[in-house]
Amino acid sequence: MAHSGIEVLFEGQNFARLIGGLETTIAIAFVALICGLALGLILGVLRTLKNRVLRLVLRLYLEFFRIVPTVVLLFLFYYILPKTAGVNLPANEVAMLVFALWTAAEMSDIVRGALISVPKHQLESGLAIGLNRWQLYRYILIPQAVSLEIPATINLMTRVIKTTSLLLLISVADVINVGQTIVEANSKQYPNSVFWIYGFIFVMYFVIDYPLSWWATRMNRRRLERVND
Amino acid sequence: MTKQIYSVSNLEKYYQKQHVLHDITFSIDEGEVVVLLGPSGSGKSTLIRTLNGLEPYQSGVLKFKGQEIQPDEKGWRKLRQQIGMVFQSYDLFPNLTVMENILLGPTKVQKQPRDIAQAEAKRLLEVVGLSEYANVYPRQLSGGQKQRIAIIRALALKPELMLFDEVTASLDPEMVRGVLNIISRLAKQDKMTMIVVTHEMNFAKRIADRVLFLENGELLETTAGTQFFENPQTDRAKEFLESMDF
Amino acid sequence: MSSWQIIQQSLPVFQKGFKLTLWLSLLGITGSIVVGIGCSLLRYFRVPGLSQIATVYVEVSRNTPLLVQLFFLYYAFSIIGIKLSAELCGIVGLIFLGGSYMSEGFTGGFDGVSHSQIESGKAIGLSKWQLARFVIFPQGLSQSIPALAANIIFLIKETSVFTVIAIPELTNTALDLIGMYYHTNEYLLVLVVGYAIILIPLSIVLTLVERRVRYGTFGN
């Protein structure tokens, strides 16, 4: 075959366009993660407080985001937000909002799990030196919980990054959407290009996600080793 | 005249239906060392934890230096700065260095200036012979070292009363002595007022000004230290002493 | 037409999508469990060559999105002459993704068996295979039940991604209906309820199983 199709990747502006799409993808993931993790931390702490109503509401929030698939969440917000709330956000921002709320829900469960697994003695020792509730969280519980939850948080990050692949569905010009456009423009002339374009996107996701999950696995193993001696 | 530090009258406590503390009344004066003895499950640990607000109780009056204690979170928090407590499981905070563990109470709770608190912490570390460990994390210490740090973490708040709850129970035998010596020195030299729950009978004999003997949540006798070990007043205490090795 | 009527009229169409989602999930999950057990065994026994291949597969599969995997299967493979129907492509993709998640879950369970258990087994003279057969697999599998439960729910939700290759499952059905009749709120409601009908009872059942297995194994 004279033309393997890989040339399409580097033809004209194609490569730059793909990188541009990748930047959009990363920007959305980044904003969603920062906001989602911060909100999740707060919600996780709130879920360890005694207030039953608050705990129930936050639990329902979590379960809703757990049960509804992310694809459906995207459409819910994309279609319904402008109609009912009259809020007309661009698709990028809808995506950030959905991913941030979803991340926050998952994060709140991770944080809560870590907080309640800090041994009770630690809490009592803190009380015994006169710390108030806020100081107890600030100096004892949250720092200890954070080290417990880091691997789970990194895994959540990799999930969020993978989920950005769904942006295409609400017509955000992410890396996949750009790739699809390029494929469509070239499929007649160079049918093999589809292999290279999607291959490139495949590799891009792997390159971003693999180091993160490798890091999470390693930290988890180290922690287990420390617990076991 | 000696000053009364802590008094307990008619304290009652239940876990669901189980009656764990039954009409407990006693008091402790300044500089006095009171040892709580009794078989396991007698309520010693529950009693000492109640004195620091870690266990709720159903009725009775607790007074610190003559003032009745309000059993709410705010009341206890203020009091806990004046009552130091050390637990069986040492419970240093693993996320903080030794020095940070000691400074947490003085700087964050009592808002002491950091340099003053730090100077005091250094002095205390020297007293227990652990100066060179100021900047390590608890996991690098042995059990005995951790427990010594836990003691000075409590002392750093300059408490007027110290509570020791089975502080040597989870230590290896060779580490017990060092920890007990520190507590003895605190009692004899520094005249610290303290309430001690322990299974170490020789140690109890050495430091107790007074012994409270508990069984099944009841306070069976309150006897001067030397007298208790030579001539206990109740048969139950006699049997208890006979069953323990010295 | 009232919302209720709109919903009622759409129900037969949704029913088809609902069934397809269930079928695809069932096949995908079963396949994933088989692939997952296979890979975790290869890795556990460190079968030369194959265990490395299994590791590479697991890492590639769990670090890339299902949507990209599907595009690859659906569009790219057709170029090199492998033409799969959308449904088959969906099932293969789901198994490709799910296999690595299941493998990680089982491996985690095997790793979670305590050292003292393994040492006690060695102390009474068990061979490597006997140790695996009587100590590590039974305990490891019951320890991996929480991960298994999470993976099952995850994979069912992932079937919603099939909409990109136009498989008429639940999500695709809703999006098509919206495109045709514009009753967005009603159809989205049915869609959410559809997933809730599958996932809420399932997650309750899985929690019960999890609890039962835990009590059964450790007796507390």
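So the values come out like this:
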{"item": "Once the Cα gyration tensor of chain C is diagonalised, semi-axes √(5λ) in Å", "result": "40, 23, 10"}
{"item": "Vicinal HN-Hα couplings computed from phi for region A:143-157 (Karplus, 6.51 cos²θ - 1.76 cosθ + 1.60; Hz; Gly/Pro x)", "result": "x, 6, 5, 4, 5, 5, 9, 4, x, 5, 5, 5, 4, 4, 4"}
{"item": "Per-residue SASA entry for A:Met204, accessible area with 1.4 Å probe, Å² rounded to 10", "result": "40"}
{"item": "Between 0 and 90°, nearest 10: helix B:143-155 axis offset from chain B longest Cα axis", "result": "90"}
{"item": "Heavy-atom SASA rank of A:Arg218, A:Arg59 (probe 1.4 Å, accessible area, largest first)", "result": "A:Arg59, A:Arg218"}
{"item": "For region A:73-89, Karplus couplings with θ = phi - 60° (6.51, -1.76, 1.60), whole Hz, Gly/Pro x", "result": "4, 4, 5, 3, 6, 5, 8, 8, 3, x, 6, 8, 8, x, 8, 10, 8"}
{"item": "Estimated [θ] at 222 nm from DSSP helical runs (n ≥ 4, -39500 (n - 2.57)) normalised by residues in the protein assembly as shown, nearest 500", "result": "-20000 deg cm²/dmol"}
{"item": "Filtered trypsin sites (Lys or Arg not before Pro), region B:171-237: DSSP coil and at most 15 other beta carbons within 10 Å", "result": "B:Lys191"}
{"item": "P(r), alpha carbons of chain B - 10 Å bins starting at zero, rounded %", "result": "7, 31, 36, 21, 5, 0"}
{"item": "Accessible area that becomes buried as A packs against B, both chains, 1.4 Å probe, Å², nearest 100", "result": "1900"}
{"item": "Region C:11-218, relative contact order [Cα under 8 Å, separation at least 6], %", "result": "28"}
{"item": "With 10 Å bins from 0: P(r) over region A:145-215, alpha-carbon pairs, percent", "result": "18, 38, 26, 13, 4, 1"}
{"item": "Spatial extent of chain A: Rg and Dmax, with the Cα atoms as the point set, Å", "result": "21.9, 78"}
{"item": "Region A:133-157 versus region C:133-177: alpha-carbon centroid distance in Å", "result": "29"}
{"item": "For region A:168-229 and region C:1-55, distance of Cα centres in Å", "result": "21"}
{"item": "Peptide B:73-79, shielding by other chains (average Cβ, 10 Å cutoff)", "result": "2"}
{"item": "Area accessible to solvent at C:Cys39, 1.4 Å probe radius, in Å²", "result": "10"}
{"item": "Test item: Cα-centred dipole of the protein assembly as shown, Lys/Arg +1 and Asp/Glu -1 on Cβ, debye", "result": "220"}
{"item": "Accessible area per residue, Å², chain B with all protein chains present, probe 1.4 Å", "result": "46"}
{"item": "Leading residue at positive end of dipole, the protein assembly as shown (Cβ point charges), from A:Val53, A:Leu123, C:Val47", "result": "A:Val53"}
{"item": "Whole-Hz couplings from phi, Karplus 6.51/-1.76/1.60, listed for region B:181-193; x for Gly and Pro", "result": "4, 5, 5, 4, 4, 4, 6, 7, 7, 8, 6, 6, 6"}
{"item": "Value of Rg/Rh across region A:60-193 [Cα atoms, Kirkwood radius]", "result": "1.18"}
{"item": "Accessible surface, 1.4 Å probe, highest first, among residues C:Trp4, B:Trp76", "result": "C:Trp4, B:Trp76"}
{"item": "Listed residue (B:Asn202, B:Gln16, B:Tyr133) projecting farthest to the positive dipole end of chain B, Cβ model", "result": "B:Tyr133"}
{"item": "Accessible area per residue, Å², region C:11-218 with all protein chains present, probe 1.4 Å", "result": "47"}
{"item": "Carbon plus sulfur fraction of accessible area for the protein assembly as shown, probe 1.4 Å, in percent", "result": "59"}
{"item": "Cα pair count fraction exceeding 18 Å, expressed as % - region B:1-141", "result": "66"}
{"item": "Accessible area buried between chains A and C, both sides summed, probe 1.4 Å, in Å² to nearest 100", "result": "3200"}
{"item": "Shielding of A:119-127 by partner chains, average beta-carbon count, 10 Å", "result": "6"}
{"item": "Electrostatic dipole magnitude of region C:72-176 [Cβ: Lys, Arg +1; Asp, Glu -1; Cα centre; debye, to 20]", "result": "380"}
{"item": "Ratio Rg/Rh, restricted to the protein assembly as shown and using Cα atoms, in which Rh is the Kirkwood radius", "result": "1.08"}
{"item": "Net charge contributed by nearby residues that have their C-beta within less than 12 Å of C:Val68 (K/R +1, D/E -1)", "result": "-1"}
{"item": "Selection from B:Gly41, B:Thr2, B:Phe26 lying farthest towards where the dipole of region B:1-50 points positive, charges on Cβ", "result": "B:Gly41"}
{"item": "Loop-located trypsin sites (Lys or Arg not before Pro) in region B:1-63, at most 14 other Cβ atoms within 10 Å (DSSP)", "result": "B:Lys3, B:Lys17"}
{"item": "Area of A:Glu149 that stays accessible when all protein chains are in place (1.4 Å probe, Å², to 10)", "result": "10"}
{"item": "Total charge dipole magnitude, chain B, about the Cα centre, Cβ charges on Lys, Arg, Asp, Glu only, Debye to nearest 20", "result": "960"}
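The values are calculated or read from the model by the stated rules, or taken from the named source; none is laboratory data. Just so it is clear, the structure is predicted and the values come from calculations on it, not from any experiment. Here Cβ is always computed from backbone atoms with ideal geometry, including for glycine, and neighbour counts include all displayed protein chains. SASA here: full protein model, heavy atoms, side chains in, ligands and nucleic acids out. Shrake-Rupley method; radii C 1.70, N 1.55, O 1.52, S 1.80 Å.
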